[in-house]
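K.L.:
I'd like to ask you about the structure that follows.
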Amino acid sequence: MSASTAPTSTTPPAAVTRSRPAAPSAPRNSLTMLRRNLRHARRYPAMTISLVSMPIAMLLLFNYVFGGTMSAGMGGQGSGDYIKYLVPGILLMAVGSGVLPATVGVCTDMTEGIVTRFRTMPINGSSILTGRAVGAVIQTLLSIVLVMGVAFFVGFRSGAEPLEWLAAAGLLALMCTALTWLAVALGQLVKAPEAASSVALPFSFLLPFLSSAFVPLDSMPDWLRHFAEWQPYTAFIETLRGLLLGDEIGWYGPLAVGWGVLIAVGGFVWARSLFRRDATR
């Protein structure tokens with residue numbers, strides 16, 4: 001007796017569809033991280049206050065305590081002349097002050113475990129750094145506006161045209177972006193927030209004093225003048241001074257832009273490299 005065999009179906013089984021998680025969106029994730037960082041700044045304003053208070057204190061100190069002496073040494077008639085020379089340097093000091101909270105903030109995120117938690121989520125990794133950097137740039141630019149307001153209040157006046165003001169704003173934004181990405185990289189190098197503040201100190205305090213922020217370059221010793229002439233702060237200060245006061249900019253303009261682009265790109269690449277290296281440990 002022959003066994004009956006069931007006919008073999010040639011129709012393929014229905015394909016099983018599986019839902020895949022959507023690919024992480026870098027812009028959307030960066031915006032989320034930006035909101036997080038801005039909320040932190042609003043809830044914990046101490047760092048933001050220190051970001052604004054130091055350049056304002058330096059502006060008032062040098063204008064009212066040292067202004068008369070400084071102006072006389074530079075051939076001026078009083079502190080009213082010196083404040084015109086002083087304000088561009090103070091604005092760049094305000095930009096440098098933004099390095100400190102950015103470095104401490106990144107270090108805190110990296111050491112307290114929140115970044116490790118973010119890595120387990122479907123989040124674009126670069127958005128963690130981008131949100132922090134953009135938030136720091138916004139805070140620093142707002143502090144510059146406040147410092148500029150105080151400068152006008154104590155007697156600073158500028159004859160710059162609208163295009164010159166626009167160029168000055170772009171220059172400050174470039175410097176903010178460059179130093180912020182450098183701060184993001186430095187914040188990943190240190191292992192404690194207390195150490196992060198020390199790492200950021202040369203950029204927020206030391207380099208502005210070793211520039212043309214407070215005195216002309218020709219009043220410095222030769223060895224210090226050569227260093228101050230070529231370091232980034234002097235190029236930015238002299239370019240900003242030329243835009244706001246109508247002074248000669250010369251080769252400082254291209255040098256400032258070159259320094260800004262170099263520091264911004266270098267800081268960005270360095271920060272991304274450190275972030276990826278930390279993820280593979």
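K.L.:
With every protein chain in place, what's the accessible area of K191 (1.4 Å probe, Å², nearest 10)?
P.N.:
140
K.L.:
Continuing with this model, one more query. Please sort by residue number the chymotrypsin sites (Phe, Trp or Tyr not before Pro) in segment 172-281 whose DSSP state is loop and whose Cβ has at most 12 other Cβ atoms within 10 Å.
P.N.:
Passing sites in segment 172-281 are W251.
K.L.:
Kindly express, to the nearest 10 degrees and within the range 0 to 90, the angle between helix 232-245's C-alpha long axis and the longest C-alpha principal axis of the chain.
P.N.:
That helix lies at roughly 60 degrees to the long axis.
K.L.:
While we're here: Give the peptides 140-149, 156-165 in descending order of average Cβ contacts within 10 Å, highest first.
P.N.:
Put in order of decreasing packing, that is 140-149, 156-165.
K.L.:
Separate question: Place a label point 7 angstrom from the Cα of E112 along the Cα-to-Cβ direction, then list the residues of segment 170-212 whose backbone nitrogen is under 12 Å away.
P.N.:
Zone members listed by number: 193.
K.L.:
Starting from 0 in steps of 10 Å, tell me what percent of the Cα-Cα pairs of the chain lands in each bin.
P.N.:
6, 26, 29, 18, 9, 4, 3, 2, 2, 1, 1, 0, 0
K.L.:
If I stretch the segment between D218 and S50 completely, what's the gain in nm (0.36 nm per residue apart, minus their alpha carbon distance), one decimal?
P.N.:
57.2 nm
K.L.:
Determine the order of R277, R28, R36, R241 by accessible area, beginning with the largest, at a probe radius of 1.4 Å.
P.N.:
R28, R277, R36, R241
K.L.:
For the chain, take the longest principal axis of its alpha carbons; what is the angle in degrees between that and the long axis of helix 125-153, to the nearest 10 within 0 to 90?
P.N.:
Helix 125-153 and the main axis of the chain meet at about 20 degrees.
K.L.:
What is the percent carbon and sulfur in the accessible area of segment 94-164, measuring with a 1.4 Å probe over the protein chains and ignoring ligands?
P.N.:
Of all accessible area on segment 94-164, carbon and sulfur atoms account for 67 percent.
K.L.:
What is the distance, in nm, between label points placed 7 Å from the Cα along the Cα-to-Cβ direction at R276 and at K191?
P.N.:
2.5
K.L.:
Same structure again: Quick check for you: with a 1.4 Å probe and neighbouring chains kept, what is the accessible area per residue of the chain, in Å²?
P.N.:
53
K.L.:
For a protection proxy built on the mean count of beta-carbon atoms within 10 angstrom, sort 106-119, 85-98 highest first, please.
P.N.:
Descending packing order for the listed peptides: 85-98, 106-119.
K.L.:
Compute the angle between helix 79-97 and the longest alpha-carbon principal axis of the chain, please, reported from 0 to 90 degrees and rounded to the nearest 10.
P.N.:
20
K.L.:
How far is it, in nm, from the label point at R35 to the one at E229 when both lie 7 Å from their Cα along the line to the Cβ?
P.N.:
Computed distance between label sites R35 and E229 equals 5.2 nm.
The values are calculated or read from the model by the stated rules, or taken from the named source; none is laboratory data. Values in this document were obtained by computation on a predicted structure and should not be read as measured data. Every residue, glycine among them, receives a Cβ derived from its backbone with ideal geometry; neighbour counts consider all protein chains shown. The accessibility values were calculated without ligands, DNA or RNA, using every heavy atom of the protein model including side chains. Shrake-Rupley method; radii C 1.70, N 1.55, O 1.52, S 1.80 Å.
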